[in-house]
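Some notes on the structure that comes next.
The values are calculated or read from the model by the stated rules, or taken from the named source; none is laboratory data. Computed from a prediction, not measured in an experiment: that's the story for all the values here. Reconstructed Cβ throughout: ideal geometry from the backbone, glycine too, with neighbour counts over all protein chains shown.
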Amino acid sequence: MGLLSSSLLGKEPFTYSISPQQIQPGNHAVLRVSVPLEKEETEASVQVNDRLLFEQSSLHVLEKSSQRNSCCLELKYEITGYNTEKIKLPPIEIKTESNSFSTEASFLEVLTLREPQDNELRESFSTLTVPFPWLKWARYFLSLLVVGAVAYSLIRWFKRISPRKRLQHRPAPPPPKEDPLKWLRRQIEELKRKLRDDPTNPQLVDDWSHMIKGFCEKSELGPARCWTTSEMQKAIKTDSEIHKLIPCLQESDWFKFQPVKNQKIAISDLITKFISETESHLFLCGN
């Protein structure tokens, strides 16, 4: 275990340890880093730069995990190596909102208990087959038959002494659908309120186009929220009243996608025009 350097020291020490420091090829070692945090700091505010650890060619990081406790952020790395050598662990850099830390150089030694000249092949043994417990499972099967017979007899007996009609479960009726025009009237009133509160807000153009496409979906004309204006123009019938609002949608697209908004066009005038067209085509046409 080594105590590491940091640019600033918190109430709790910044610690770093690897255990064990010597492993056999393929065995696991655990690398632990404890980062002191203030009470208001969260795990999301901690930046951990451990890229070099994952890029170490002779070292393999099997799993990484972290846990925030009352005073620290605990980082845990499970590592291993397969070649017999002494591996230098690269530094890990950590930054919090108030401190920055960096681990010191440390080593993991991968060694084997075999002598260097020991090349003997070890004898392999075949896998033993576990005998199947026939008698045990026969008892379970007979017990299950007895329990099933008793349960079946009890069910028939209860049916004879207490005949009851089964309740017919009817599915709950679907909730009533709101009239699309009523929904549209409510949305227009909300849009007018927003216009009175903030007549220069360009978001009102988006609100109006979303409202029209939402009305199309509620009127079962198609998934209009996923359509562009040109797709909507092709999908909706030309004799539909909503089709008469396509020019307004094209004008709103032109306004929204200009690199620089046309300052000569007042937002309030544009939204007032859109609302007037909507009411004249959808509310005053026999609806």
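Annotations
- Residue pairs whose Cβ atoms lie under 8 Å apart, separated by 6 or more positions or on different chains, with the first residue in region 89-107 and in contact (Cβ under 8 Å) with a residue 40 or more places away in the chain and in a loop (DSSP other than H, G, I, E, B) and the second surrounded by 14 or more Cβ atoms within 10 Å (Cβ to Cβ) and small (Gly, Ala, Ser), are ILE92/SER102; THR96/SER45; GLU97/SER45; SER98/GLY10; ASN99/SER6; ASN99/GLY10.
- Search result, residues across region 220-252 that are within 20 Å of LYS177 (Cβ to Cβ) and part of a helix (DSSP H, G or I): ALA224, ARG225, GLU241, ILE242
- Residues that are under 16 Å from ILE242 (Cα atoms), modelled with pLDDT of 85 or more and either surrounded by 18 or more Cβ atoms within 10 Å (Cβ to Cβ) or among the hydroxyl-bearing types (Ser, Thr, Tyr) (or both), drawn from region 201-226: TRP208, SER209, MET211, ILE212, LYS213, PHE215, CYS216
- In region 132-145, the residues that are on the phi < 0 side of the Ramachandran plot form no Cβ pair under 8 Å with any partner that is part of a helix (DSSP H, G or I), whether six or more places apart or across chains.
- Enumeration of residues in region 124-160 that are modelled with pLDDT under 75 and either among the β-branched types (Val, Ile, Thr) or in contact with a Cys (Cβ under 7 Å, 6 or more places away or on another chain) (or both): THR127, THR129, VAL130
- Within region 56-86, being farther than 30 Å from LYS39 by Cβ, in contact (Cβ under 8 Å) with a residue 24 or more places away in the chain and surrounded by fewer than 19 Cβ atoms within 10 Å (Cβ to Cβ) holds for GLN56, SER58, LEU62, THR80, TYR82, ASN83, THR84, GLU85, LYS86.
- PRO90 vs. criteria surrounded by 14 or more Cβ atoms within 10 Å (Cβ to Cβ), in contact with a helix residue (DSSP H, G or I) (Cβ under 7 Å, 6 or more places away or on another chain) and modelled with pLDDT of 85 or more: yes
- Scoring PRO174 on the criteria (1) closer than 22 Å to GLU279 by Cβ; (2) loosely packed, with under 13 Cβ neighbours inside 10 Å leaves a single failure, condition (1).
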